[in-house]
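Below is one structure; the comments refer to it alone.
The values are calculated or read from the model by the stated rules, or taken from the named source; none is laboratory data. Everything numeric in this text was worked out from a predicted model, so none of it was measured. Here the Cβ positions follow ideal geometry from the backbone for every residue, glycine too, while neighbour counts run over all protein chains shown. These area figures cover heavy atoms from the full protein model, side chains too; ligands, DNA and RNA do not enter into them. Shrake-Rupley method; radii C 1.70, N 1.55, O 1.52, S 1.80 Å.
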Amino acid sequence: MTDAAPTARAPRLAAELLDWYDRHARAMPWRTGPAARADGVRPDPYRVWLSEIMLQQTTVAAVKPYFEAFTARWPTVSDLAAAADADVMAAWAGLGYYARARNLLKCARAVAETHDGVFPDSHDALLSLPGVGPYTAAAVSAIAFDRPETVVDGNVERVMARLHDEHTPLPAAKPILTEHARALTPPVRPGDYAQAVMDLGATICTPRNPACGLCPWRTDCAAWAAGTAPELPKKAPKKVKPTRHGIAYLARRVDGAWLLETRPETGLLGGMLGWPGTDWVSRDAALPDDAPPIRAEWRTLSEEARHTFTHFHLRLTLRVALVPMDRAPCRGEFIPAPEFRPADLPTLMRKAFDLARPR
DNA sequence: AAGGCGTGGCA
DNA sequence: TTGCCAAGCCT
């Protein structure tokens with residue numbers, strides 16, 4: 001009984017959103033144009049998958065140049081599967097969440113080796129691949145293969161919370177919002193619908209200052225009627241970030257080579273290049289001992305490198321040295337100047353380099 | 001199952 | 001300056 005009205009309006013809402021999408025869809029490097037779409041041309045699953053991995057917790061603006069660089073250098077999933085780990089990590093440097101890059105390679109190799117270089121089209125097969133969770137499996141299946149899967153990302157959660165004026169805080173509200181999203185997913189053009197509802201969240205139903213006056217769903221939106229749209233979705237309170245401290249050692253050999261090391265595969269900045277250094281500890285713990293990676297005359301810079309990660313602030317003391325030739329480090333290895341590109345470093349390490357580089 | 005895991009833009 | 005936020009996944 002009470003379900004009849006919302007269920008009946010679902011096809012109309014989907015049709016209205018698709019109409020809005022046809023008029024307002026933004027061009028993106030991983031999308032096919034309207035003309036191709038009308039001819040039934042689907043986007044390349046490799047490009048859809050790559051874009052979805054890059055877009056996890058990351059803005060479109062940040063992703064675009066990385067997507068262009070990756071697809072130019074590795075045009076197919078088999079090309080990517082054959083790449084050297086260090087090359088892929090260096091190409092990902094600056095984009096963050098580096099476990100994505102490690103899993104990207106694992107996934108590319110799994111597709112190349114066990115799927116003959118062809119992406120599977122089903123949600124379940126996609127879900128079994130490294131780095132592919134419920135959202136990405138649904139997105140690739142819907143967008144690349146036009147399967148009627150329900151995508152639920154942060155945008156969809158926000159749109160559903162507002163459409164239904166749902167005040168239960170996230171993450172507890174997730175199952176409710178997922179069910180609302182599932183009830184609206186249409187059997188026609190599910191791939192376009194998936195992108196449309198995310199675009200709506202990204203451009204109209206935004207976290208702050210939503211443009212409700214431009215929203216195709218305004219007259220059906222419970223939060224619009226209640227005036228509560230800007231305060232939804234509710235979220236559990238954040239914890240305060242502690243501050244940690246450590247030391248990084250930037251050694252430049254007289255021939256211009258820099259002493260770097262590849263960080264362990266797991267953990268923070270896993271698999272990325274970085275400056276040798278101490279552990280990072282909170283100030284109420286004993287500060288780490290000075291432990292330089294090579295014997296030299298070390299000098300401490302007056303300015304610390306400051307950086308904020310997901311769950312803590314870091315203040316990194318920088319120690320620099322100019323070291324003679326023929327002196328072996330106990331950690332890391334010297335990278336000759338012609339091969340060293342600061343852009344291959346994660347942002348924290350690049351900040352440290354910018355403070356320590358000779359002027 | 002709650003916490004680890006980056007970064008840059010914006011108010 | 002600070003906090004919040006973005007097309008999540010893994011353990």
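Consider A:LYS64 against the criteria (1) away from DNA strand C (no atom under 11 Å from the Cβ); (2) open to solvent by 10 Å² or more (accessible area, probe 1.4 Å): it satisfies all of them except one. Which criterion is unmet?
Tallying (1) away from DNA strand C (no atom under 11 Å from the Cβ); (2) open to solvent by 10 Å² or more (accessible area, probe 1.4 Å), A:LYS64 fails exactly one: (1).
What number goes with the only condition from (1) open to solvent by less than 50 Å² (accessible area, probe 1.4 Å); (2) more than 26 Å from the chain's Cα centre (by Cα) that A:ASP199 does not pass?
Single failed check for A:ASP199: (2).
Of these, A:VAL111, A:VAL152, A:VAL156, which one is crowded, with 19+ Cβ neighbours inside 10 Å and away from DNA strand C (no atom under 12 Å from the Cβ)? Full working, then the answer.
Numbers: A:VAL152 fails: away from DNA strand C (no atom under 12 Å from the Cβ); A:VAL156 fails: away from DNA strand C (no atom under 12 Å from the Cβ).
Of A:VAL111, A:VAL152, A:VAL156, the one residue that is crowded, with 19+ Cβ neighbours inside 10 Å and away from DNA strand C (no atom under 12 Å from the Cβ) is A:VAL111.
Tell me yes or no: at least one residue of region A:305-321 is more than 23 Å from A:VAL240 (Cβ to Cβ) and surrounded by fewer than 15 Cβ atoms within 10 Å (Cβ to Cβ).
no
Would you say A:ALA72 is at pLDDT 95 or above, within 10 Å of DNA strand C (Cβ to nearest atom) and farther than 17 Å from A:CYS107 by Cβ?
When the stated conditions are applied, A:ALA72 does not pass them.
Given the residues A:PRO187, A:PRO233, A:PRO210, which is the only one that is farther than 21 Å from A:PRO148 by Cβ, in contact with a Pro (Cβ under 7 Å, 6 or more places away or on another chain) and part of a loop (DSSP other than H, G, I, E, B)?
A:PRO210
State which residue pairs qualify: first residue in the same structural domain as A:VAL152 (by TED's automatic domain parsing) and inside region A:165-181, second residue of a type in the set (Asp, Glu) and in a helix (DSSP H, G or I) in any location, beta carbons under 6 Å apart, and separation of 6 or more residues or different chains.
Close Cβ pairs satisfying both conditions: A:LEU177/A:GLU157.
Return the total of residues in region A:125-149 being open to solvent by 20 Å² or more (accessible area, probe 1.4 Å) and either away from DNA strand B (no atom under 16 Å from the Cβ) or among the acidic types (Asp, Glu) (or both). Before you say what the answer is, go through the steps one by one.
First, pick out the residues of region A:125-149 that are open to solvent by 20 Å² or more (accessible area, probe 1.4 Å): A:125, A:127-128, A:130-131, A:133-135, A:145-149.
Filter once more, keeping what is either away from DNA strand B (no atom under 16 Å from the Cβ) or among the acidic types (Asp, Glu) (or both): A:125, A:128, A:145-149.
Here the count works out to 7.
Answer yes or no as to whether A:ARG162 is away from DNA strand B (no atom under 16 Å from the Cβ), open to solvent by 50 Å² or more (accessible area, probe 1.4 Å) and at pLDDT 95 or above.
Judged against the criteria, A:ARG162 is not a match.
Keeping to region A:125-155, report how many residues are assigned to a helix (DSSP H, G or I) and closer than 25 Å to A:MET272 by Cα.
1
For region A:151-164, how many residues are under 21 Å from the mean Cα position of the chain (by Cα) and touching a residue at least 40 places away in the same chain (Cβ under 8 Å)?
Residues flagged as under 21 Å from the mean Cα position of the chain (by Cα) and touching a residue at least 40 places away in the same chain (Cβ under 8 Å) within region A:151-164 amount to 8.
Which condition number in (1) surrounded by fewer than 17 Cβ atoms within 10 Å (Cβ to Cβ); (2) on the phi < 0 side of the Ramachandran plot; (3) in contact with a Leu (Cβ under 8 Å, 6 or more places away or on another chain) is the one that A:ILE176 fails?
Among (1) surrounded by fewer than 17 Cβ atoms within 10 Å (Cβ to Cβ); (2) on the phi < 0 side of the Ramachandran plot; (3) in contact with a Leu (Cβ under 8 Å, 6 or more places away or on another chain), A:ILE176 violates only (3).
Can you find even one residue in region A:236-248 that is farther than 30 Å from A:GLU303 by Cα and either out of contact with any Cys (no Cβ under 8 Å at 6 or more places or on another chain) or among the polar types (S, T, N, Q) (or both)?
Checking region A:236-248: at least one residue is farther than 30 Å from A:GLU303 by Cα and either out of contact with any Cys (no Cβ under 8 Å at 6 or more places or on another chain) or among the polar types (S, T, N, Q) (or both).
Does any residue in region A:273-286 that is more than 7 Å from A:GLU261 (Cα to Cα) and free of Cβ contacts under 8 Å to residues at least 60 places away in the same chain come within less than 7 Å, Cβ to Cβ, of a residue that is of a type in the set (A, V, I, L, M, F, W, C) and surrounded by 13 or more Cβ atoms within 10 Å (Cβ to Cβ) six or more places away or on a different chain, and which pairs are these?
Taking only residues 6 or more apart or on different chains, the pairs are A:GLY277/A:ILE247; A:GLY277/A:ALA248; A:THR278/A:ILE247; A:THR278/A:ALA291; A:TRP280/A:LEU314; A:VAL281/A:LEU287.
Would you mind listing the helices (runs of 4 or more DSSP H) fully within region A:32-124 where at least 3 residues are in contact (Cβ under 8 Å) with a residue 12 or more places away in the chain and within 16 Å of DNA strand B (Cβ to nearest atom)?
A:45-55, A:60-73, A:85-92, A:99-114
Somewhere in region A:237-245, is a residue of a type in the set (Ser, Thr, Tyr) and crowded, with 19+ Cβ neighbours inside 10 Å? Step through it out loud before you land on a result.
At the first step, the residues of region A:237-245 found to be of a type in the set (Ser, Thr, Tyr) are A:243.
Now drop any that are not crowded, with 19+ Cβ neighbours inside 10 Å, which leaves none.
No, there is no match, as no residue in region A:237-245 is of a type in the set (Ser, Thr, Tyr) and crowded, with 19+ Cβ neighbours inside 10 Å.
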